[in-house]
Amino acid sequence: MATPSVPWWRDAVMYQVYLRSFRDGNGDGVGDLRGARAGLPYLATLGVDGLWLSPCFPSPQHDHGYDVADYCAVDPLFGELDDVDRLLADAHALGLKVILDVVPNHCSTEHPRFREAVLAGPGSVARERFHFADGHGADGELPPNNWRAMFGGPAWTRIQEADGRPGQWYLHMFTPHQPDWNWRNPEVANHFDDVLRFWLDRGVDGFRIDVAVGLFKHPALPDSPDPAADEEARDAVNPLAWNQPEVHQVWRRWRAICDMYTASDGRERTLVGEVAVPTPADQARYLRPDELHQAFYFDLLHTPWDASAFRQRIGAAMRDIASTGAPVTWVLNNHDQQRTVTRYSRGAVLGEKPDADRGTARARAAALLMLALPGSAYLYQGEELGLPEVTDLPPEVLTDPIVTATGEPDRGRDGCRVPLPWSGTQAPFGFSDAPPERSWLPQPGWFARYTVQRLRGDGGSCWHLYRDALQLRRSLSPLHDPGLHWLPSPPEVVAFARGGKFVCAVNFSDAQVTAPVCGKPVLSSLPCDDGKLAANSAAWWLVDNPPHACGQCPPSHETVDLTVTWKGLGD
């Protein structure tokens with residue numbers, strides 16, 4: 001979508017490939033690089049600009065690849081390095097960018113440097129690469145502090161020393177299989193410089209950075225005033241463990257590396273961070289011109305289906321993030337969150353029975369809203385199919401470490417990670433050549449209604465809605481404008497204009513309303529009669545005078561100019 005004068009990442013729509021569940025290329029029931037490569041023409045046809053590839057590094061898979069044992073190799077489960085090279089070549093030939101998921105906050109207990117640290121003993125140089133500390137109590141039997149892990153349980157695990165005696169404790173803000181690196185040790189920073197260069201040399205177009213607010217911990221490792229905050233919120237809440245000021249030094253260092261590669265060959269690279277912080281203004285600090293190019297804006301993902309809440313959070317992002325010159329990076333789904341179709345199926349009244357049709361309608365509307373906003377967007381595989389969450393997986397197949405740590409299946413993430421349905425009427429629905437019982441997670445029979453093959457043959461399907469929206473987003477010049485302004489609309493409607501011609505309106509209510517502009521929409525998530533906007537729907541129009549295109553609109557909200565002028569990366 002980006003024009004030649006604007007870096008591609010500023011308004012790209014990227015597609016998250018959760019490798020285990022995208023497509024199986026070797027018949028073992030687990031998605032892999034060969035399968036991802038086979039799916040590239042599908043992504044090109046859909047109309048996205050590129051893909052974010054989940055971790056494919058060697059790993060014991062305790063957290064499905066986010067426990068890395070070697071950052072510069074490929075796990076045999078997914079293929080080999082040559083498969084990455086072939087995927088990059090094929091993607092680039094199709095005009096698709098590829099960004100790789102990198103995990104700098106923690107590694108695996110099987111990483112050679114952690115295994116070396118365990119054997120080296122207290123006070124060793126090897127242990128200084130991690131957070132090893134003596135325990136409290138008469139015999140050091142209590143953890144060094146009261147921090148809790150985000151996935152449940154204490155954030156510390158005690159090791160057995162080489163002589164067989166109980167020894168020091170190591171810090172892990174996720175699972176005991178994922179020790180946190182100590183970024184106050186210069187060797188760690190140097191190691192990751194080499195990791196970035198290794199993959200940039202192979203041709204990746206950038207990196208998605210896991211836990212980008214992590215890395216540095218308070219040097220004294222003091223007790224937290226609210227030790228259960230991280231565990232309860234499953235978010236980066238503990239201010240002693242997350243969002244330390246020193247982390248910005250890392251992103252300046254990584255930005256300099258990417259900029260050096262861009263300067264050498266003219267190919268723009270991007271760094272997109274998983275930046276979970278309290279406010280958009282906090283996120284903006286990570287997006288200064290010499291730090292991250294992008295950061296996922298998770299606020300919409302956590303926002304209930306409510307017009308006022310969406311309007312407020314979009315406005316905050318435009319005011320506090322876009323005004324810095326960085327694009328807002330919108331997201332509604334990912335591999336850690338319940339899918340929108342299911343999330344939006346719930347009513348506003350506590351205990352109200354979920355309504356699947358309502359959830360589907362709202363998810364379609366939310367997609368048009370996100371793709372109409374200025375900035376970039378990230379889609380999660382399967383959202384273009386309108387896939388609901390799989391909420392009834394048998395307990396014995398659940399693999400999420402959150403479930404293991406908490407004993408609470410409802411907190412797990414397996415339901416959004418079930419392998420994609422590609423074709424046919426029975427599992428494995430074209431995902432794999434293996435029998436369905438070998439798929440790493442089972443697919444329900446109702447997936448037959450959501451196969452790629454079936455939806456591509458239905459012109460009114462969710463797939464066609466996404467494809468049409470992506471084509472219009474690329475071709476309509478007003479959608480290249482970096483700003484927006486709100487239009488007068490009823491309280492239950494969010495409406496805005498871009499580029500002097502384009503209007504998007506979303507009806508958040510369960511009843512049909514008068515559209516904020518007159519005329520037939522160029523695209524709508526549900527059929528809209530002229531002058532009307534269906535319940536739980538969104539529509540796009542091209543009009544001559546958006547702020548006053550329809551004199552019948554109630555002036556419930558003032559027209560607010562949120563236009564942002566991009567100053568350029570060097571400013």
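Values quoted throughout were computed directly from the atomic coordinates according to the rules given, and no laboratory measurement underlies them. Just so it is clear, the model here is predicted, and its values are computed rather than measured. Ideal geometry is used to build each Cβ from the backbone, glycine not excepted, and the neighbour counts take in all protein chains shown.
Computed with the Debye formula from one identical point scatterer per Cα of the chain, without solvent, the log10 of I(q)/I(0) at q = 0.07 Å⁻¹ comes to -0.41. Amide H contacts under 5 Å for GLY531: GLY519, restricted to partners 5 or more places along the chain or on a different chain, H placed in the peptide plane at 1.01 Å from N.
Here the stretch 273-297 and the stretch 426-468 have alpha carbon centers that stand 35 Å from each other. Here the residues VAL13, VAL522, ranked from fewest to most Cβ neighbours within 10 Å of their Cβ, fall in the order VAL522, VAL13.
Net charge near TRP8: determine it from the other residues with C-beta under 13 Å of the C-beta of TRP8, scoring Lys and Arg +1 and Asp and Glu -1. Here the count lands on +1.
Any idea how far the Cα center of the stretch 149-223 sits from the one of the stretch 489-545, in Å? First find each Cα centre; the distance between them is then 48 Å. Farthest towards the positive end of the charge dipole of the chain, among the residues VAL390, GLY135, ALA189, is the Cα of VAL390, using unit charges on the Cβ of Lys, Arg, Asp and Glu.
Taking a ≥ b ≥ c as the square roots of the eigenvalues of the alpha-carbon gyration tensor, the stretch 112-171 is classed oblate because a/c is 1.5 or more while a/b is no larger than b/c.
Classify the stretch 24-65 as rounded, prolate or oblate, taking a ≥ b ≥ c as the square roots of the eigenvalues of its Cα gyration tensor: rounded when a/c is under 1.5, otherwise prolate if a/b is larger than b/c and oblate if not. Please report the intermediate quantities before stating the final value.
Details: a/c = 3.40, a/b = 1.66, b/c = 2.04.
Judged from the Cα gyration tensor, the stretch 24-65 comes out oblate (a/c at least 1.5, b/c at or above a/b).
Compute the projected area of the convex hull of the Cα atoms of the stretch 482-548, averaged over all viewing directions, and report it in nm² to one decimal place. List each step's numbers first, then the result.
Values: hull surface 15.8 nm².
Taking the Cα atoms of the stretch 482-548, their convex hull projects to 4.0 nm² on average.
The lysines within cross-link reach of LYS520, meaning a Cα-to-Cα straight distance under 23 Å and a gap of 8 or more places when in the same chain, are LYS501, LYS532. Computed on the chain, with alpha-carbon pairs under 8 angstrom and 6+ residues apart, the relative contact order is 13 percent.
Sorted on the mean count of surrounding Cβ atoms within 10 Å across their residues, most packed first, peptides 324-336, 112-124, 34-46, 73-85 read 324-336, 34-46, 73-85, 112-124.
Sorted by average packing, counted as other Cβ atoms within 10 angstrom per residue and highest first, what order do 274-281, 369-376 take?
Working: 274-281: 17.9, 369-376: 24.1.
My ranking of the peptides, most packed first, is 369-376, 274-281.
Sorted on the mean count of surrounding Cβ atoms within 10 Å across their residues, most packed first, peptides 194-201, 339-346 read 339-346, 194-201.
Please compute the volume of the convex hull spanned by the alpha-carbon atoms of the stretch 135-251 and report it per residue in Å³.
Details: hull volume 15.5 nm³, N = 117.
For the stretch 135-251, the hull spanned by Cα atoms encloses 132 Å³ per residue.
Count the net charge of all other residues whose Cβ sits under 14 Å from the Cβ of ARG467, scoring Lys and Arg as +1 and Asp and Glu as -1. Spell out each step's value before the answer.
Values: positive: ARG364, ARG456, ARG473, ARG474; negative: ASP49, GLU383, GLU384, ASP458, ASP468.
Net charge in that neighbourhood comes out at -1.
Where the only charges are on Cβ atoms (+1 Lys, Arg; -1 Asp, Glu), what is the dipole of the chain about its Cα centre, to the nearest 20 debye? Write out the running numbers ahead of the final one.
On the way: 52 positive and 73 negative charges, 316 e Å.
The dipole of the chain has a size of about 1520 debye.
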